[in-house]
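> Below are the structure tokens for one structure; questions will follow.
The values are calculated or read from the model by the stated rules, or taken from the named source; none is laboratory data. Every value quoted in this text rests on a predicted model; they were computed, and no experiment measured them. Here the Cβ positions follow ideal geometry from the backbone for every residue, glycine too, while neighbour counts run over all protein chains shown. Only protein heavy atoms, including side chains, enter the accessible area calculation; ligands, DNA and RNA are left aside. Shrake-Rupley method; radii C 1.70, N 1.55, O 1.52, S 1.80 Å.
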2 protein chains.
Amino acid sequence: MSGIGTVSAQRAHFAEPLRLKGGGVLPSYDLVYETYGTLNAAKSNAILVCHALSGNHHVAGQSADEFGKPTANVGWWDNIVGPGRPLDTDRFFIVGVNNLGGCHGSTGPASANPATGKPWGADFPVVTVEDWVDAQARLADRLGIDAWAATMGGSLGGMQAMQWTLSYPERVRHALVIAATPKLSAENIAFNDVARQAILTDPDFHGGHFYEHGVRPLRGLRLARMLGHITYLSDDQMAEKFGRRIKSGAGSYGFDVEFEIESYLRYQGDKFAGIFDANTYLRMTKALDYFDPALDYGDDLALALARARAGFLVIGFTTDWRFSPERSREIVHALVHNGQDVAHAEIESVHGHDSFLMDDPHYHAVVDAYLKRIVL
Amino acid sequence: MSGIGTVSAQRAHFAEPLRLKGGGVLPSYDLVYETYGTLNAAKSNAILVCHALSGNHHVAGQSADEFGKPTANVGWWDNIVGPGRPLDTDRFFIVGVNNLGGCHGSTGPASANPATGKPWGADFPVVTVEDWVDAQARLADRLGIDAWAATMGGSLGGMQAMQWTLSYPERVRHALVIAATPKLSAENIAFNDVARQAILTDPDFHGGHFYEHGVRPLRGLRLARMLGHITYLSDDQMAEKFGRRIKSGAGSYGFDVEFEIESYLRYQGDKFAGIFDANTYLRMTKALDYFDPALDYGDDLALALARARAGFLVIGFTTDWRFSPERSREIVHALVHNGQDVAHAEIESVHGHDSFLMDDPHYHAVVDAYLKRIVL
């Protein structure tokens, strides 16, 4: 049950060109966003929630249908947002944005390229975490928010929350960096590359211009998502949830679904391929691969983070093997080294990387306590 | 440098039908094999080396060309086989067999189906570890070997070494079970299923009958192998070997090879797809999934292993996350519980699952010491 009821997305158009880290320029763009709660007079109570790979602006509440009635489409982080919840809408003004390059309304590869009138497709630039933060900063300007009470996110969302403190140190009072990492490992990149190769080599990909061919690289996107799901769950959780249970009873000695884990993964893959854009998926994984704030600081993360002015809450989860608790600790150690303001929690959870999305009482209590201390 | 020089494969034809665990019958079959060393008069010095997913009968030595000259094709476990090496060819008679369903000479999906004269393709049955052991037992009969001094293998090969002690307890004096597991976890199966789905959904797979279409599902096989490689290596080893090094210098902000790990994986994927058979790959992964000797014993591994008469050497590797050292310990604990003869080593190694193939002095010393104790 959503705590905040029916919500509707809004759209902001930005006519000023956006210079991208990769060298290109986006001539103009739209961002789709939602807000929950009320911006106070001092405009000091705004929290930006950044989404991860497959997320979007619909963080909480139930999307309205065309008649304004609530639908079953509940936001991906609804369990943490609402009156009396950690992101308390009686106190905070919450903003969720679909990132540039996304496929949920903001300008992305499926949008029309103003130069041709046709979908951008492969010509949509590779966007980075830094670019997203720049685009979000313009939305903050538009909303009249000089400084966020907090930026916040899990996984790739946590990287954006962190990048905000580096790109706009004066505009972030707190950053909640959850299930994130200061940079991807070679293994992380390897998984992303296999997922990308599945999409890029799908004959229906057509070099990224599949929109014009009336097809979608469903096979590749499905494989990418199946693989992703393995890395989001923990080995223990999979064992507990599925074990080696055989769906149909006895072994079939064929290649149809047999073990329950196969059924689960194929279902997740099919569902995702049906709704997500392959070009967006490619770009989200590249944004992950490129994120590396220490790169320009001789790999010295402490040096890279030194310019942040925010207080930090860094959270890792014990069974997360995608971005393990050790990776969170790297961030904490760098901040501690600098004498910066940082709180750290390592949460016992069986849900692997997906833990950041779960309604875990201990985890939510930590977020709640941290946010309650923020003076508005 | 191979210790045993030039070797040639041999072929054995078996005209008797082989009843398979999955219910079918293989009317007849060939096994291709190699031998190294000399079978002694008592026929008591034979060691069977079983291969893993992508291995074959060419365990050691340099394959001969058509004129009998040595080629650069050195066996996959050459470093452990030869005069003075742990599998000492001055003392032992070593046998390597390409498994049924393989693609290196033994009867498999690319072989002619006697019923149609066309390649078996999708109609080649799903074969199991038990079936392989039965087929190997007939080869042992043919070679006059009543009992193996040892059966031995790593990963899927270790499962065969173990299965021998259960299918033919009187015919195995020792089993060396290396980097194996008593059964796959849900996560193991999940990885295998993504690999299979990559092959099965490749448009060039043609339901397994691609031979007749003059194409091969290279895309799917390539993805399967890329994914496999991630699970064979350790995270630490990948970090050390590749880190986040960028191949071309600066970021390209595109989807070509960029990080060195991508270059490595794509190279491995391409190389493998060029030489391996997709139908074989599917069947090898199914054999892995199905292996579960405790299944018919109420999941009680000790009960399942009780009928073994062999002595065991069980070896795990610290950084193996595919079949972790814990999985080896499960086997050891079951054998200890039964009061069976078992030695156990957990080897420190950075090479992940692939450690069993590496020329590690400590690991080889353990195998050497164990085999030296065997009285012929």
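> Determine whether B:D30 is at pLDDT 95 or above, within 30 Å of B:P114 (Cα to Cα) and surrounded by fewer than 17 Cβ atoms within 10 Å (Cβ to Cβ).
Values: at pLDDT 95 or above: yes; within 30 Å of B:P114 (Cα to Cα): yes; surrounded by fewer than 17 Cβ atoms within 10 Å (Cβ to Cβ): yes.
For B:D30, the condition - at pLDDT 95 or above, within 30 Å of B:P114 (Cα to Cα) and surrounded by fewer than 17 Cβ atoms within 10 Å (Cβ to Cβ) - is met.
> Would you call A:A273 surrounded by fewer than 23 Cβ atoms within 10 Å (Cβ to Cβ), in contact with a helix residue (DSSP H, G or I) (Cβ under 8 Å, 6 or more places away or on another chain) and either modelled with pLDDT of 95 or more or more than 11 Å from every other protein chain (Cβ to nearest Cβ) (or both)?
On the way: surrounded by fewer than 23 Cβ atoms within 10 Å (Cβ to Cβ): yes; in contact with a helix residue (DSSP H, G or I) (Cβ under 8 Å, 6 or more places away or on another chain): yes; either modelled with pLDDT of 95 or more or more than 11 Å from every other protein chain (Cβ to nearest Cβ) (or both): yes.
When the stated conditions are applied, A:A273 passes them.
> Looking at segment B:33-60 only, could you name the residues that are open to solvent by less than 10 Å² (accessible area, probe 1.4 Å) and free of Cβ contacts under 8 Å to residues at least 40 places away in the same chain?
B:V59
Condition check ((1) open to solvent by 30 Å² or more (accessible area, probe 1.4 Å); (2) at negative phi; (3) at pLDDT below 95) across all residues:
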| site | (1), (2), (3) |
| --- | --- |
| A:V95 | no, yes, no |
| A:G101 | no, no, no |
| A:D134 | yes, yes, no |
| A:A137 | no, yes, no |
| A:L166 | no, yes, no |
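> Away from every other protein chain (no Cβ under 14 Å) and surrounded by fewer than 17 Cβ atoms within 10 Å (Cβ to Cβ), is that true of B:D65?
Criteria met by B:D65.
> Determine which single condition A:A64 fails, assuming it passes every other condition in (1) at pLDDT 95 or above; (2) more than 22 Å from A:R171 (Cβ to Cβ).
The number of the failed condition is (1).
> Looking at A:G37, A:G121, A:G144, which is the one that is touching a Lys or Arg at 6+ places or on another chain (Cβ under 7 Å), at pLDDT 95 or above and at positive phi? Give the derivation first.
Details: A:G37 fails: touching a Lys or Arg at 6+ places or on another chain (Cβ under 7 Å); A:G121 fails: touching a Lys or Arg at 6+ places or on another chain (Cβ under 7 Å).
Criteria check complete, one pass: A:G144.
> What's the number of the only condition in (1) at the interface with another protein chain (Cβ under 9 Å from one of its Cβ atoms); (2) part of a helix (DSSP H, G or I); (3) among the charged types (D, E, K, R); (4) open to solvent by 10 Å² or more (accessible area, probe 1.4 Å) that A:D141 fails to meet?
Here A:D141 meets the rest and fails (1).
> Search segment B:103-132 for residues being under 11 Å from B:Y29 (Cβ atoms) and among the small types (G, A, S), and hand back the single one that is surrounded by the fewest Cβ atoms within 10 Å (Cβ to Cβ).
Checked segment B:103-132; the qualifying residue surrounded by the fewest Cβ atoms within 10 Å (Cβ to Cβ) is B:S111.
> For segment B:168-199, how many residues meet the condition of being open to solvent by 40 Å² or more (accessible area, probe 1.4 Å) and either among the small types (G, A, S) or more than 7 Å from every other protein chain (Cβ to nearest Cβ) (or both)? Lay out the reasoning, then the answer.
Residues of segment B:168-199 that are open to solvent by 40 Å² or more (accessible area, probe 1.4 Å), as a first pass: B:168, B:170-171, B:173, B:183.
Right, trim to either among the small types (G, A, S) or more than 7 Å from every other protein chain (Cβ to nearest Cβ) (or both) and you get B:168, B:170-171, B:173.
Adding up the residues that qualify gives 4.
> Condition check: without any contact (Cβ under 8 Å) to a residue 12 or more places away in the chain, within 13 Å of another protein chain (Cβ to nearest Cβ) and of a type in the set (S, T, N, Q). Does A:S234 satisfy that?
No; evaluated as a whole, the condition is false for this residue.
> Quick one: which of A:A302, A:A308 is touching a helix residue (DSSP H, G or I) at 6+ places or on another chain (Cβ under 6 Å), under 18 Å from A:Y370 (Cβ atoms) and either free of Cβ contacts under 8 Å to residues at least 24 places away in the same chain or outside any strand (DSSP E or B) (or both)?
Numbers: A:A302 fails: under 18 Å from A:Y370 (Cβ atoms).
Being touching a helix residue (DSSP H, G or I) at 6+ places or on another chain (Cβ under 6 Å), under 18 Å from A:Y370 (Cβ atoms) and either free of Cβ contacts under 8 Å to residues at least 24 places away in the same chain or outside any strand (DSSP E or B) (or both) holds for just one of A:A302, A:A308, which is A:A308.
> For A:R244, indicate whether it is facing another protein chain (nearest Cβ under 9 Å) and in a helix (DSSP H, G or I). Even if it seems obvious, please write down each step before you answer.
Working: facing another protein chain (nearest Cβ under 9 Å): yes; in a helix (DSSP H, G or I): no.
Spelling it out, it is not the case that A:R244 is facing another protein chain (nearest Cβ under 9 Å) and in a helix (DSSP H, G or I).
> For segment A:200-220, does any single residue satisfy the condition of being of a type in the set (S, T, N, Q), farther than 30 Å from A:F312 by Cβ, facing chain B (nearest Cβ under 7 Å) and not in a helix (DSSP H, G or I)? Please lay out each step first, then the result.
Just the residues of segment A:200-220 that are of a type in the set (S, T, N, Q), to begin with: A:201.
Applying the additional criterion that residues be farther than 30 Å from A:F312 by Cβ yields A:201.
Going one step further and asking which of them are facing chain B (nearest Cβ under 7 Å), we end up with A:201.
Checking the rest, the ones that are also not in a helix (DSSP H, G or I) come to A:201.
Scanning segment A:200-220, I find at least one residue that is of a type in the set (S, T, N, Q), farther than 30 Å from A:F312 by Cβ, facing chain B (nearest Cβ under 7 Å) and not in a helix (DSSP H, G or I), so the answer is yes.
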